[in-house]
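Taking it in order: structure first as structure tokens, then the write-up.
The values are calculated or read from the model by the stated rules, or taken from the named source; none is laboratory data. Model, not experiment: these values are computed from the prediction. Quick reminder, even Gly has a Cβ in these numbers, built from the backbone with ideal geometry, and neighbours come from all protein chains shown. All accessible areas refer to the heavy atoms of the entire protein, side chains included, with ligands and DNA or RNA removed. Shrake-Rupley method; radii C 1.70, N 1.55, O 1.52, S 1.80 Å.
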Amino acid sequence: MIDRYILRVMLTLFGFFALVLVAVYWINRAVSLFERLIADGQTALVVLEFTLLTLPVVIATVLPLAAFTAVAYGTNRLSAESELVAMQAAGLSPWRLARPVLAFGLIVALMVTALVHGLVPMARERLADRQAEIAENITAQFLIAGSFQFPANGVTLFIREISPNGALQGLFLEDAGTAGRLTTYTAEEALIVRTDAGPKLIMVAGMIQQMRPGPDGAGQLSVTRFEDLTYDLGALVGAPAKRGRDLRDYSTARLLAPDAALLEATGASPARARLEAHERIAQPLLSPVAAMLGFATLLVGGFSRFGVWRQVGWATLALIFVQFLANWTANRAGKDPDLWPIVYLPSLIGALICAAILWLAARPRRPRGGSAATPATNGAAP
């Protein structure tokens, strides 16, 4: 009965703090993402899709912190309302009281596990694909109606208007990339199409004006009119940079046994791929550690009418230490992937800290009045 009561309190507070923290983190990321995508000419639907795809990453990051906050706040409330005192007076030891908190931490760990092994890789893979599609969209990158653009050295571009279907109205393109030769293209309408060889610009109803040096040193102008003309934009904007895929886009099973296709796509070594998998396995283990730190540290001080805010400070410092250790081990293993076992060290040390604090909380406390009184003698002679 007590276990269910404590677990219900922690889960209720966890839902509230998780919602608040996810909203804060997500809005912070969404604002920067919104500014960048809107500046690139993307629609509101694309912005919404990108922000939704970043949500699993944010949730996986925030859940351990939400678990710690919920346990610390809930334990403080139980202590302030003397419920913890009543439970301990009924004979429940700190180890017994920690059982529902540990169950709560394991529930959060299962949530993080489902995210880091399932939703996060799928969301990152979809996000990488959408980013690659947008990177190939030349119109979204540098084609802006009503202003002169300089997409490459010696190239000037002007578009009067871009229609809703993507057609370029009133195109002006000047190419001075070749020494001694100036070529100007004008067209009433143009379209950008994707091909296996790269993006192509198809111009309709236009004219080519080419200025080049003549035999006598004077410039010669040649004018050619056309009904339609294909222009290679690959030479204009350069071939898109080929970027390897990120290891975080792949499933944990493939990372534990990386195949040749994965290694070729990412450019990573087998040891680096396995390190990424072990980091995912170790990440959920921090959730029960965070929950137990928030509970065990608050039991050490006992009951106080002023609450347990001093213990909350110590619990926060302990959590910062564990997180600092997690960052250090991740950086150390990143430099030498063969040291992947150390990524489990923060969870192990955090569990030992929790056990030590619970042991201190379970020790009988001495009265503050000093040593126990000894029977008094009146000093009278028999």
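Summing Lys and Arg as +1 and Asp and Glu as -1 over all other residues whose Cβ lies under 12 Å from the Cβ of GLY166 gives a net charge of -1.
Cβ-Cβ distance of ALA265 and LEU33, R₀ of 30 Å, FRET efficiency by 1/(1 + (r/R0)^6): the value works out to about 0.75. At the residue level, TYR5 shows approximately 70 square angstrom of accessible surface with a 1.4 angstrom probe and all protein chains present.
In order along the stretch 164-173, the Karplus-derived 3J(HN,Hα) couplings, from 6.51 cos²θ - 1.76 cosθ + 1.60 at θ = phi - 60°, round to x, 8, x, 6, 9, 9, x, 8, 10, 9 Hz, and Gly and Pro are given as x. Ranked by solvent-accessible area (1.4 Å probe, protein heavy atoms only, all chains present), the residues TRP95, TRP26 order from largest to smallest as TRP95, TRP26. Length gained on full extension, SER93 to ARG310, computed as 0.36 nm times the residue gap minus the Cα-Cα distance: 75.9 nm. In order along the stretch 324-337, the Karplus-derived 3J(HN,Hα) couplings, from 6.51 cos²θ - 1.76 cosθ + 1.60 at θ = phi - 60°, round to 4, 5, 5, 5, 5, 5, 5, 5, 5, 5, x, 6, 9, x Hz, and Gly and Pro are given as x.
Evaluating 6.51 cos²θ - 1.76 cosθ + 1.60 at θ = phi - 60° for every residue in the stretch 349-355, the Karplus couplings come out as 5, x, 5, 5, 5, 4, 5 Hz, glycine and proline recorded as x. Each residue was assigned an accessible area with a 1.4 Å probe, and for THR195 the value is about 60 Å². The candidates HIS117, HIS278, arranged from most to least accessible area with a 1.4 Å probe in the full protein assembly, appear as HIS117, HIS278. Per-residue SASA remark: VAL300, around 60 Å² accessible (1.4 Å probe; ligands, DNA and RNA not included). The order of GLU83, GLU189 by accessible area, most exposed first and with a 1.4 Å probe, is GLU189, GLU83. Take the Cα of VAL204, go 7 Å toward its beta carbon, and the backbone nitrogen atoms of the stretch 150-193 under 20 Å from that spot belong to 158-173, 185-193.
With a simple spin-label model that places each label point 7 Å from the Cα along the Cα-to-Cβ direction, the separation between GLU188 and ASP129 comes to 4.0 nm.
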